[in-house]
Amino acid sequence: MAVYRKSYRGYSGKTTPEWRRFLVVARYAGRRLVRSRLLVAFVAACFLYSIGCAVYIYACHNKLVLSVLGVLGANQATLVGSTFFYVFLQVETGLALILTALAGPGLLSPDLTDQGIVLYLSRPFSRAEYLLGKWLVLLALLSGITWLPGLGLFAIQSDLAGSAWLLANLWMLAGLFFGSFYAILMLSLPALAFSAWFRRKLVAGGALLLLFILGSGFGQAVNASLRTHAGDFLALDHLMRIVQSALFRRPSAHAVSAGAAWAELALLSMLCLALIIRKIRAREVAQ
Amino acid sequence: MTPVFELSQLSVRFGPKTILSDLNGSYSARATGLLGPNGAGKSTLINTLLGFYQPAAGAARVFGFSTRAEPRRIRSLVGYMPEHESFIAEMTAVSFVRMMAELSGLPPDAALERAHESLYFVGLGEARYRALSTYSLGMKQLVKLAQAIAHGPRLLILDEPTNGLDPPARERMIRLIRGMRDSQGLNIILCSHLLRDVEETCDEALILKDGCIVHHSNLAEERKANRRFLELETYGGDGGFADAAEKLGCECAVSGPGRMRMVLSEGFEIRSLFRLAAEKNVRIRRLNFRRDSLQDIFLKAMEGSDGRL
């Protein structure tokens, strides 16, 4: 069916493998996101902190800088160790929350506002693939500012400190990866759920921020008024801190165990998926 | 030849409510029209064929593939144009249609090429780089059609394609559908409550009422039969026109002064009728082939057992 031909003709060329189709959704969703200058500027700003950390690691191994600062001979382990990477992850998790609030709301709502979702699902394409494609965008964005730069910093530190440090601190890689993954799930799934339920991006983004800010405040109020620790389950940021503390072998001030925090993540994920699936439907006829 | 779709004792229920009840049949027409009043089950049947609804009983097959077991296979062969607005407002038409073609399995380059071609085909070539949010209702209908054909389906399912279109836009849509119907390798299921749409585009009509098939007719045969029924209005002459026409092999029934209905014999040419009128000094003021057959069929199908609609 060439442009100059005004009659219909079928397609007989090759087709892509079915398992790869979810990447189409991810590609188009990602392309839509990068059109937002605010988002691109924020992602770039997020890298500044990682670059600052890299400079710090370099400085910690530079005798001239250390002597200027008057800390020459200080214990390297205290300068760049589990605390350093824990704090790095904490800061990046905070940035990830803002990034999710900026990027998440625009993922599902445009497809649901004008029933575009019906056209996705009338193709050889499932709801799970659709969701996976959309989630992949958030996974890539959030990975880009959490565990991936963390891994880079770890590599720089290993290179400068030597193989002995690397072998002694290899466990921190798991902390970086699983701590980031916990935060990514904790942020991305509610973001997708809000994106499915609120058509306006601003409302969905605001709701995500409120979930974390009000949830934390409400959790503390519950703890104070009822003299329990049950409120910690409402404070999602506390849960992330609990899991990340445990992964970096740090003492936790919270009574909730890391296992319970993972269990809450599982529950929250199921709730979010149920909320999303309620909205992602191919049917357009009211039952 | 594999039928386009087959229904075997198909029933679909939503909770306690039965929407489609015991539908049967095998349909192989190039273009099949689904007719019926609102709530008859037309859209539910389409959604069932696409695998969105699971049959409560029985089965449906499209090109021999079960809607229950192989919905993905079916959807890869089908292009679907839904009834309601379905688009992504912030996308341009070309990227929207391209994405939909890619989701159907076309590689990115082929999808882009087909997106341009489809948009040109439906008449949106000049507007293809505009955001869909700026499109009029008629243009949105055309984009829905473009995305449905971009991947070159074997079956095109059109749900109320002329909804909300003004007469010229409707005419254009009907012309496009007819053009696709006449092309090779594409079957069409057109769901509409507008008899004219079905009459002008389809070879067969399936009439649904309260979730049941109440009539299935071959419109091509009906049309052929209708070519033999004439309604005439004449003026002048001495009244022997009807008798003379009968001698030529037509059956005539006079329904009023100068008005008559005729059934033409096989191979009879209209030219002979005009020649006869000239001989008998009769002026033919109106000559109509019977056109309201589908309406007759529909109304008959909609009648209750007591004869009421």
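The number of residues in the stretch B:106-124 that are more than 8 Å from every other protein chain (Cβ to nearest Cβ) and either buried (at least 21 other Cβ atoms within 10 Å of the Cβ) or under 14 Å from B:ILE149 (Cβ atoms) (or both) comes to 7.
Considering the stretch B:128-152, the residues that are within 20 Å of B:GLU113 (Cα to Cα) and among the β-branched types (Val, Ile, Thr) include one that is nearest to the other protein chains (Cβ to nearest Cβ), namely B:ILE149. For the stretch B:156-175, the criterion of a residue being over 14 Å from the mean Cα position of the chain (by Cα), within 14 Å of chain A (Cβ to nearest Cβ) and surrounded by fewer than 23 Cβ atoms within 10 Å (Cβ to Cβ) is satisfied by at least one position.
Candidates in the stretch A:189-206 are the residues that are buried (at least 20 other Cβ atoms within 10 Å of the Cβ) and out of contact with any Ser or Thr (no Cβ under 8 Å at 6 or more places or on another chain); of these, the one that is farthest from A:ALA101 (Cα to Cα) is A:ALA193.
Residue-level check: of (1) over 14 Å from B:PHE5 (Cβ atoms); (2) touching a helix residue (DSSP H, G or I) at 6+ places or on another chain (Cβ under 9 Å); (3) within 12 Å of another protein chain (Cβ to nearest Cβ), B:PRO37 misses just (3). In the stretch B:76-83, the count of residues that are within 13 Å of chain A (Cβ to nearest Cβ), more than 21 Å from B:ILE188 (Cβ to Cβ) and either out of contact with any Asp or Glu (no Cβ under 7 Å at 6 or more places or on another chain) or at pLDDT 95 or above (or both) is zero. Evaluated against (1) closer than 22 Å to B:ALA205 by Cβ; (2) not in a helix (DSSP H, G or I), B:GLN184 falls short on exactly one condition, (1).
No other residue among A:VAL68, A:VAL80 is touching a Leu at 6+ places or on another chain (Cβ under 9 Å) and more than 30 Å from A:GLY205 (Cβ to Cβ) apart from A:VAL80. The residues of the stretch B:73-102 that are within 25 Å of the chain's Cα centre (by Cα) and part of a helix (DSSP H, G or I), listed by number, are B:ARG73, B:ILE74, B:ARG75, B:SER76, B:LEU77, B:VAL97, B:MET100, B:ALA101. Condition first: within 14 Å of chain B (Cβ to nearest Cβ), surrounded by 12 or more Cβ atoms within 10 Å (Cβ to Cβ) and farther than 16 Å from B:LEU103 by Cα. Can you find one or more residues in the stretch A:38-60 that meet it? Checked against the condition, which is being within 14 Å of chain B (Cβ to nearest Cβ), surrounded by 12 or more Cβ atoms within 10 Å (Cβ to Cβ) and farther than 16 Å from B:LEU103 by Cα, the stretch A:38-60 yields no hits at all. Scanning the stretch A:100-130 for residues that are under 24 Å from the mean Cα position of the chain (by Cα), free of Cβ contacts under 8 Å to residues at least 60 places away in the same chain and facing chain B (nearest Cβ under 10 Å) yields A:ASP111, A:SER126.
So in the stretch B:218-251, with the set limited to residues that are surrounded by 18 or more Cβ atoms within 10 Å (Cβ to Cβ) and in a strand (DSSP E or B), which one is modelled with the lowest pLDDT? Among those residues, the one meeting the criterion is B:LEU230. With the structure loaded, tell me whether B:GLY64 is more than 7 Å from chain A (Cβ to nearest Cβ), at positive phi, in contact (Cβ under 8 Å) with a residue 24 or more places away in the chain and surrounded by fewer than 18 Cβ atoms within 10 Å (Cβ to Cβ) or whether it fails that test. Answer is yes for this residue. Kindly indicate whether B:GLN54 is exposed (fewer than 14 other Cβ atoms within 10 Å of the Cβ) and in contact with an Asp or Glu (Cβ under 6 Å, 6 or more places away or on another chain). When the stated conditions are applied, B:GLN54 does not pass them.
Taking residues in the stretch A:54-66 that are over 17 Å from A:THR83 (Cα atoms), and partners anywhere that are surrounded by fewer than 13 Cβ atoms within 10 Å (Cβ to Cβ), the pairs with Cβ atoms closer than 6 Å and at least 6 places apart or on different chains are A:LEU66/A:LEU72.
Note on the stretch B:15-34: among residues that are surrounded by fewer than 15 Cβ atoms within 10 Å (Cβ to Cβ), part of a strand (DSSP E or B) and out of contact with any Ser or Thr (no Cβ under 7 Å at 6 or more places or on another chain), the one that is nearest to the other protein chains (Cβ to nearest Cβ) is B:LYS17. Return yes or no: is B:ALA59 away from chain A (no Cβ under 13 Å), aliphatic (A, V, I, L, M), part of a strand (DSSP E or B) and surrounded by fewer than 16 Cβ atoms within 10 Å (Cβ to Cβ)? Considered against the rule, which asks whether it is away from chain A (no Cβ under 13 Å), aliphatic (A, V, I, L, M), part of a strand (DSSP E or B) and surrounded by fewer than 16 Cβ atoms within 10 Å (Cβ to Cβ), B:ALA59 comes out as yes.
Is the stretch A:212-233 home to any residue that is of a type in the set (A, V, I, L, M) and touching a Phe, Trp or Tyr at 6+ places or on another chain (Cβ under 8 Å)? No, because not a single residue in the stretch A:212-233 is of a type in the set (A, V, I, L, M) and touching a Phe, Trp or Tyr at 6+ places or on another chain (Cβ under 8 Å).
If the condition is being at pLDDT 95 or above and either outside any helix (DSSP H, G or I) or within 7 Å of chain B (Cβ to nearest Cβ) (or both), then the stretch A:18-35 contributes A:VAL24, A:TYR28. Screening B:MET173 on (1) in the same structural domain as B:VAL143 (by TED's automatic domain parsing); (2) hydrophobic (A, V, I, L, M, F, W, C); (3) farther than 23 Å from B:VAL4 by Cα shows it passes everything except condition (3). The condition of being under 30 Å from A:HIS61 (Cα atoms), within 17 Å of the chain's Cα centre (by Cα) and assigned to a helix (DSSP H, G or I) holds for only one of A:LEU153, A:LEU187, A:LEU167, A:LEU176, that being A:LEU176. Given the condition among the aromatic types (Phe, Trp, Tyr), buried (at least 20 other Cβ atoms within 10 Å of the Cβ) and within 10 Å of another protein chain (Cβ to nearest Cβ), answer yes or no: does some residue in the stretch B:91-99 qualify? The answer is yes, given that some residue of the stretch B:91-99 is among the aromatic types (Phe, Trp, Tyr), buried (at least 20 other Cβ atoms within 10 Å of the Cβ) and within 10 Å of another protein chain (Cβ to nearest Cβ). Looking at the stretch A:220-240, which of the residues that are in a helix (DSSP H, G or I), of a type in the set (Gly, Ala, Ser) and at pLDDT 85 or above is surrounded by the fewest Cβ atoms within 10 Å (Cβ to Cβ)? So the residue we want is A:SER225.
The values are calculated or read from the model by the stated rules, or taken from the named source; none is laboratory data. Since this is a predicted model, take the numbers as computed values, not measurements. Using ideal geometry, Cβ is built from the backbone for each residue, glycine included, and neighbour counts are taken over all protein chains shown.
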